[in-house]
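Heads up, the thing below is written out as structure tokens.
The values are calculated or read from the model by the stated rules, or taken from the named source; none is laboratory data. Quick caveat: nothing in here was measured; it's all calculated off a predicted structure. Positions of Cβ are backbone-derived with ideal geometry, glycine not excepted, and every protein chain shown enters the neighbour counts.
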Amino acid sequence: MVGKPYLYGGGTPQGFDCSGLVHFSFKRAGLEVPRSTEAQLQRSHKIGRAQLAHGDLVFFNQEGKDSSHVGLYLGSNRFVHAPSSGKRVRLDTLNDPYWRKHLVDTRRF
């Protein structure tokens, strides 16, 4: 889905928000997970960053809001996410200073 547009409340290839991308991706893999970032946080269980594996969730604090953004971990410190309005689904690295500073939780379904 890399390159698909960001769309607030979106959960299809026509446009995704962060939790919509997670929900869509798990559904394509045959797993039903909650739709909202908050529910994804509440229904998953905490793991240590050293335990991160492909398909785990990475949560970020943005604009002063705890766990307000979620991405899917891909391995090798990379994750995919739908960043914000005007942007597209993209790959980023947890080593990037911005994401390293804002990473607040790592979780697994």
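Observations on the model:
- Of all residues in region 37-54 being in contact with a helix residue (DSSP H, G or I) (Cβ under 9 Å, 6 or more places away or on another chain) and either in contact (Cβ under 8 Å) with a residue 60 or more places away in the chain or surrounded by 15 or more Cβ atoms within 10 Å (Cβ to Cβ) (or both), the one that is nearest to Val89 (Cα to Cα): Thr37
- Which numbered condition Ser68 fails, given (1) modelled with pLDDT of 95 or more; (2) of a type outside the set (A, V, I, L, M); (3) surrounded by 14 or more Cβ atoms within 10 Å (Cβ to Cβ): (1)
- Within region 12-28, the residues that satisfy the criterion of being touching a residue at least 12 places away in the same chain (Cβ under 8 Å) and part of a loop (DSSP other than H, G, I, E, B) are Pro13, Asp17.
- Matching residues, region 29-42, being part of a loop (DSSP other than H, G, I, E, B) and either under 12 Å from the mean Cα position of the chain (by Cα) or within 18 Å of Asp105 (Cβ to Cβ) (or both): Val33, Pro34, Arg35, Ser36
- Of all residues in region 15-28, those satisfying the criterion of being more than 14 Å from Asp105 (Cβ to Cβ) and of a type in the set (A, V, I, L, M, F, W, C) are Phe16, Leu21, Phe24, Phe26.
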